[in-house]
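Down below is the structure, laid out as structure tokens.
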Amino acid sequence: MNRPSVGDLWGGLAAMLVALPSAIAFGVTIFSPLGGTYPAYGALAGIMGVTALGIVASALGGTNRLITAPCAPAVAVLSGFATNFMHDGASPESVLLLLTAIALLSSILQIGYGVVGIGRLIKYMPFPVVSGYLTGVGLIIIGSQIPKFLGTPSDLSLWPSIRTPTSWQWQGVVVGCVTAAVMLGAPKLTTRVPAAILALFSGILTYFGLSLIDETLLVVEGNRLIVGPMVTGAGNGGDFLSGLLARFHEMRAFDSAALKLLVVPALTLSVLLSIDTLKTCVVLDAMTRSRHNSNRELIGQGLGNLASALIGGVPGAGQMGATMVNLSSGGLSRFSGIFEGVLALATFLLLGKFMSWIPIGALAAILIIVGARMIDRNALMLFKSRQTIFDFFVILAVVVVALFVGLIPASGTGIVLAILLFTREQLKGSVLRRKITGSESFSRRPRPEGHVDILRAQGAQTVILELQGSLFFGTADQLYNILEPEIKSRKYVILDMHRVQTIDFTVAHVLEQFRDAMAEKNGFLVYSRLPTNLPSGRNLDQYVDKTGIAPYKSAARVFDDLDEAKAWIENRILKEAAGTLKAARDRDDPETPLELEELDIFKGRKKETLDTLNAYLVKAHYPAGTKLFSRGDAGSELFFVRKGLVVLLLPIEGNRTRRINTCGRGSFFGEAGFLENKEHTTDAIAASDVEVFILSRANLDEFSEKHKKAGLNLMAGLASIVANRVRVLTNELLSTEA
């Protein structure tokens, strides 16, 4: 851990001033349904939460500048749980015990999320789900605070409180209105002091100002407009420590039936706190150009919440508002969060007696504004566009389920709807990017004119289908409809897969069916350019092998390169057409090396000129597998292939290569370095036993000095062939992008 700085101290102080009033309000809200003096206990629990979370989560979480404190999702889950159980007739002591158990179980779940690595997944929750649940939490908080704002008895819920104005206490309403006005207006006047602090002090001053008119406001006993005395154990007497120890002693008597009641709220709380924290971390990363460790942060947050539960505090998460205040006030490291926790405890020890006079209406007003700010108003804009209206309905569904069912079902609903929307978008796109026949696209392997004529005539036997996107159960039917007519009418079907993002088992089964159909007609289903490193981390080449889509000696073939696949099919077509090639000389694998006059570039030249040029050439033999040159080697030599095949490869990332060309008998290579007198741009590997003529640039220059016309003709012929190659490559690229 880095050493603390002055900026960390000031940042921690500013963050504490923001977090403490909200934490007190959160604690009061959670424990108010229990009645009696439990609201005062809640205020103390909020302070204990700020202290434990600030110190432990900051020290162990590892995200610099992150401020952890009690938060709104904890209020929404725990206050709702407490209210429901009190309405069912449970005793305040038993509900308090259950609240502590939920906090403990939730913290253990958070630690578990970090240990097993779920942190990376939680932060990728779809934004409509996050927006909907934040809006739902905000509305829940507002609904829970309106009765407190009106000063109604704690046994009245939202709608009964609104419908019975006779139960309102005008003093509490006035205090709340003043607090809300200052909370909203303070940022327009000053940003040096947090608005929540100014609002809270304004509410306290208003309360004591009203006491000049109504002296009963100065009575602590039975006064439901203020927090009340802080020191309380079980809510109705006793000290804090003894009450806490008694609660843990009673917790040992929990049976399995009681634990089942805690699973759903604890799971809900742990997920919401984790999302709240990681959302804040992502924003902090963007602002500070840093990168947090999601799983480590969840472990730290879980340990912080565990410490908070052990000392009777309110659970919490990384808080956006307090974190931004810390950042703007000079916080640099985790020490700013630790200082925030220590200063919160010091504030309580110094000012604890005065905190009992904090008006409930002031805290309610602060929380109502906090809840209102959590509502995503921008979501309404999604309703105006046909392209985003479905996202709006996802958000609306999450909000409705959150309000009337629960927060975890709301998150689940949102995720399911988001998945359906994603599937719908995938179905709208075509998995076929490009279709081209064998008569339109040929391999780069040089062929004699007779062979080319045959390949053009037989080109309809072959089709190349460039697939794209996700091949999964949702697009399986579309893929079937694309392949079915091709399988019926073609002998060779090439599936170019380099733009495919994923394949699932449903599509694998479809491909197996078509492979078997091709086998029945002695055809082949050919896969080329299977991605080895998809965004998901999957190796598609390995997946095809493991699923048995292309087993050994079947009607399926797999090639790393599209050009290899085309060359393999062309060779089969030419072999089948061997009877019509009697007039053509097979130049792909002859037994006799070509002589100089037999090379296309030298055809028609005078014998005397060729005999003279022959003296400037070097004959060389390379066994199969030999590297003739590497990329970056000096490139002042031109190679004419007399016999065999040479493959030109371009090295790419790692140990991978990409095939650029295949040079057969009668062709040449090395022209780029030869013409520019620079280094070679590819590797050249002998694919079989190779014999070549080698012409160096120096020898050509010497030959051209003595035979200027012959030298010019040689360069012109070379340039013409190179230009034709570029033209063919350009046409291929254009067809690829079509």
Scan segment 25-49 residue by residue and report those that are under 13 Å from Ala74 (Cα atoms) and of a type in the set (A, V, I, L, M).
-> Ala25, Val28, Ile30, Ala45
When segment 1-17 is examined, which residues are found to be of a type in the set (Val, Ile, Thr) and either closer than 20 Å to Val220 by Cβ or crowded, with 24+ Cβ neighbours inside 10 Å (or both)?
-> none
Quick one: which residue in Ile503, Ile487 is over 30 Å from Leu574 (Cβ atoms), of a type in the set (Val, Ile, Thr) and either in contact (Cβ under 8 Å) with a residue 24 or more places away in the chain or surrounded by fewer than 16 Cβ atoms within 10 Å (Cβ to Cβ) (or both)?
-> Ile503
Conditions: (1) at pLDDT 90 or above; (2) among the hydrophobic types (A, V, I, L, M, F, W, C); (3) not in a strand (DSSP E or B). Met497 meets all but one. Number of the miss?
-> (3)
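Can you say whether Leu184 is assigned to a helix (DSSP H, G or I), modelled with pLDDT of 85 or more and exposed (fewer than 15 other Cβ atoms within 10 Å of the Cβ), as far as the supplied structure shows?
So Leu184 passes the test.
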For Arg386, all conditions in the list (1) assigned to a helix (DSSP H, G or I); (2) basic (Lys, Arg); (3) more than 30 Å from Trp170 (Cα to Cα) hold save one; what is the number of the exception?
-> (1)
Can you pull out the residues in segment 651-679 that are surrounded by 14 or more Cβ atoms within 10 Å (Cβ to Cβ) and over 19 Å from Pro446 (Cβ atoms)?
-> Pro651, Thr657, Arg658, Gly673, Leu675, Glu679
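Tell me whether segment 62-72 contains one or more residues that are modelled with pLDDT of 85 or more and assigned to a helix (DSSP H, G or I). Quick ask: steps written out before the conclusion?
Applying the first criterion (modelled with pLDDT of 85 or more) to segment 62-72 yields 63-71.
When the remaining residues are screened for being assigned to a helix (DSSP H, G or I), the result is none.
No, segment 62-72 contains no residue that is modelled with pLDDT of 85 or more and assigned to a helix (DSSP H, G or I).
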How many of the residues making up segment 370-393 are out of contact with any helix residue (DSSP H, G or I) (no Cβ under 7 Å at 6 or more places or on another chain) and among the β-branched types (Val, Ile, Thr)?
-> 0
Check on Ser443, touching a helix residue (DSSP H, G or I) at 6+ places or on another chain (Cβ under 6 Å) and modelled with pLDDT of 80 or more | yes
State whether the residues of segment 166-177 include one that is part of a loop (DSSP other than H, G, I, E, B) and surrounded by fewer than 11 Cβ atoms within 10 Å (Cβ to Cβ).
-> no
Mind listing just one residue for me: the one in segment 152-165 that is of a type in the set (A, V, I, L, M) and in a helix (DSSP H, G or I) and, of those, farthest from Leu363 (Cα to Cα)?
-> Ile162
Of the residues in segment 141-165 that are β-branched (Val, Ile, Thr), surrounded by fewer than 23 Cβ atoms within 10 Å (Cβ to Cβ) and closer than 19 Å to Ala72 by Cα, the one that is nearest to the chain's Cα centre (by Cα) is Ile142
For segment 33-45, name all the residues that are crowded, with 24+ Cβ neighbours inside 10 Å, modelled with pLDDT under 85 and touching a helix residue (DSSP H, G or I) at 6+ places or on another chain (Cβ under 7 Å).
-> Tyr38, Pro39, Tyr41
Among Val75, Val50, Val137, the single one that is touching a strand residue (DSSP E or B) at 6+ places or on another chain (Cβ under 9 Å), part of a helix (DSSP H, G or I) and crowded, with 21+ Cβ neighbours inside 10 Å is Val50
Would you check if Val641 is closer than 23 Å to Ala723 by Cβ and in contact with a Gly (Cβ under 8 Å, 6 or more places away or on another chain)?
-> yes
What number of residues within segment 528-580 satisfy the criterion of being part of a helix (DSSP H, G or I), at pLDDT 85 or above and crowded, with 17+ Cβ neighbours inside 10 Å?
-> 11
What residue, of Thr83, Thr166, Thr100, Thr63, is polar (S, T, N, Q) and touching a Cys at 6+ places or on another chain (Cβ under 7 Å)?
-> Thr63
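Residue-by-condition table, conditions (1) touching a residue at least 40 places away in the same chain (Cβ under 8 Å); (2) under 21 Å from His621 (Cβ atoms); (3) not assigned by TED's automatic domain parsing to the domain that holds Asn571:
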{"residue": "Arg642", "(1), (2), (3)": "yes, yes, yes"}
{"residue": "Val646", "(1), (2), (3)": "yes, yes, yes"}
{"residue": "Glu653", "(1), (2), (3)": "no, no, yes"}
{"residue": "Arg658", "(1), (2), (3)": "yes, no, yes"}
{"residue": "Cys663", "(1), (2), (3)": "yes, yes, yes"}
{"residue": "Phe668", "(1), (2), (3)": "yes, yes, yes"}
{"residue": "Asn677", "(1), (2), (3)": "yes, no, yes"}
How about segment 688-713: which of its residues are assigned to a helix (DSSP H, G or I) and of a type in the set (Ser, Thr, Tyr)?
-> Ser704
Being surrounded by 24 or more Cβ atoms within 10 Å (Cβ to Cβ), in a helix (DSSP H, G or I) and hydrophobic (A, V, I, L, M, F, W, C) narrows it down to one of Val394, Val416, so name that one.
-> Val394
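Let's see how each residue does on (1) part of a helix (DSSP H, G or I); (2) farther than 30 Å from Arg120 by Cα; (3) without any contact (Cβ under 8 Å) to a residue 40 or more places away in the chain:
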position: Asp276; (1), (2), (3): yes, no, no
position: Glu297; (1), (2), (3): yes, no, no
position: Met324; (1), (2), (3): yes, no, yes
position: Ser333; (1), (2), (3): no, no, no
position: Ala346; (1), (2), (3): yes, yes, yes
position: Arg373; (1), (2), (3): yes, no, no
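The values are calculated or read from the model by the stated rules, or taken from the named source; none is laboratory data. Owing to the predicted nature of the structure, the values given are computational and were not obtained by experimental measurement. Cβ coordinates were reconstructed from backbone atoms using ideal geometry, including for glycine residues, and neighbour counts include every protein chain displayed.
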